[in-house]
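The values are calculated or read from the model by the stated rules, or taken from the named source; none is laboratory data. Bear in mind the structure is a predicted one, so any value in this text is a computation, not a measurement. Glycine gets a Cβ as well: all are built from the backbone with ideal geometry, and neighbour counts include every protein chain shown.
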Amino acid sequence: MKLTAQILLRPTDEQAGLLLQTMETANVACNEISAYAFVEKVYSKFKLQKALYHEIKDRYNLSAQVVVRCMAKVADAYKLDTETERTFRKHGGIAYDARILTYFPDRQQVSIWTMEGRERIAFVTRPHHARLLKYQQGESDLVYRDGKFFLLATCDVPEEDEQAVDGVLGVDLGIKEIATDNDGDSFSGEIVEQKRQWYAERRAVLQSVGTKSAKRRLRQLAGKEKRFRRNVNHVISKRLVEKAKDTNRAIALEELTGIRERVTVRKSQRAKHHGWNFFQLRSFIEYKAKWAGVPVVLVDPRNTSRTCSECGHCDKKNRKSQAEFVCQACGHSMNADFNAAVNIAARAAFSQPTVSKLAA
């Protein structure tokens, strides 16, 4: 299973200058390679190497492996389409492999190639990423973001064998309650909505001001809400997977592909509805489950919120409100999200355990 470990480099001022110089030079080289590729209609990495390798290496004083990685970067950029010439940002990310980058996790250092030779640079990382780094294999991308240098390391993590399960933990994903399981436990979306409103109001105020300081503050806010939401999804997914593993159960989720197109909401609710990243939460659940050996089953989402988990009666009128479910046939009432989670678990129990395409 391929996962990415994020490593924060702690270079000295001199080392930071060398890293920037290396990125700038490599991206200038990429732009020259791209110009040739676009004019000559040559988009194969190997054909570009044959045509330009020695010229680029000598002109920019880059190491052999950096030149090879630059060729690959240009070739990858043209895979989407070849109608537009690709250009690369001054400080765009560049790829390193084992020939020009070595990790020393026990010392929290890396040895990385720069325009002035190898440099030993300290790094810090979170425990989860440190664990991933044990399985580092393949390329790592050097990225410069908000004045900081990161290495995004590809890690080939061994998968746990799927455990034999005794039941299913059904999980209903929503807006008011981000996730509710068939044990009745839920993760409220209230704080997320408060954050969304705060960021929306703050952005509107700053955009209306339009001064340099306001624009600077907007740049500072950029990405903060996204990182907050990502962290919430990580926390929820971790707890659900731990619960399933501890209770020896599979996890059942609705197949929510196209949910934004299928579900209609009032105009005033669109920002709230479209703001949450269901796919990200599902992907976090899936990769954590795969790592833990917990099976994930995707079920048909149709009518899970309208069907009575007691008698099976399905009716739009059963859903009295966002939070309340009352069966029109048997009178059974319960929390609507809880009812849906029970239905999801029941559907998974009667279906073949099929891991989703994302996790496969």
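Remarks
- Pairs, first closer than 26 Å to G189 by Cα in the stretch 207-228, second surrounded by 10 or more Cβ atoms within 10 Å (Cβ to Cβ), C-beta under 6 Å, six or more apart: L218/L206; E225/Y199; F228/K195
- The lone exception for D166 - which of (1) in contact with an Asp or Glu (Cβ under 7 Å, 6 or more places away or on another chain); (2) under 25 Å from V294 (Cβ atoms); (3) not aromatic (F, W, Y) it fails: (1)
- Those residues of the stretch 166-181 which are surrounded by 20 or more Cβ atoms within 10 Å (Cβ to Cβ) and of a type in the set (A, V, I, L, M, F, W, C), in sequence order: V168, L169, V171, L173, I178, A179
- All positions within the stretch 153-172 that are aliphatic (A, V, I, L, M) and modelled with pLDDT under 90: V157, A164, V165
- Looking across the stretch 83-104 at every residue that is surrounded by 14 or more Cβ atoms within 10 Å (Cβ to Cβ) and not hydrophobic (A, V, I, L, M, F, W, C), the one that is farthest from K134 (Cα to Cα) is identified as R86.
- Among the candidates A16, A37, residue that is within 22 Å of G117 (Cα to Cα), modelled with pLDDT of 95 or more and small (G, A, S): A16
- Among (1) at pLDDT below 85; (2) more than 28 Å from E286 (Cβ to Cβ); (3) basic (K, R); (4) surrounded by 12 or more Cβ atoms within 10 Å (Cβ to Cβ) - the single one R196 does not satisfy: (2)
- Residue in the stretch 35-89 that is nearest to the chain's Cα centre (by Cα), counting only those that are part of a helix (DSSP H, G or I) and among the acidic types (D, E): D76
- Which listed residue is in contact (Cβ under 8 Å) with a residue 60 or more places away in the chain and more than 21 Å from R145 (Cβ to Cβ), from E83, E24, E116: E116
- Unmet requirement for R131, which otherwise passes all of (1) buried (at least 18 other Cβ atoms within 10 Å of the Cβ); (2) at pLDDT below 90: (1)
- Subset of the stretch 77-90 that is of a type outside the set (A, V, I, L, M) and touching a Lys or Arg at 6+ places or on another chain (Cβ under 8 Å) - its residue that is nearest to L142 (Cα to Cα): F88
- Condition check for F187: hydrophobic (A, V, I, L, M, F, W, C), closer than 30 Å to V294 by Cβ and without any contact (Cβ under 8 Å) to a residue 40 or more places away in the chain: no
- Of all residues in the stretch 283-324 being free of Cβ contacts under 8 Å to residues at least 24 places away in the same chain and basic (K, R), the one that is surrounded by the most Cβ atoms within 10 Å (Cβ to Cβ): R306
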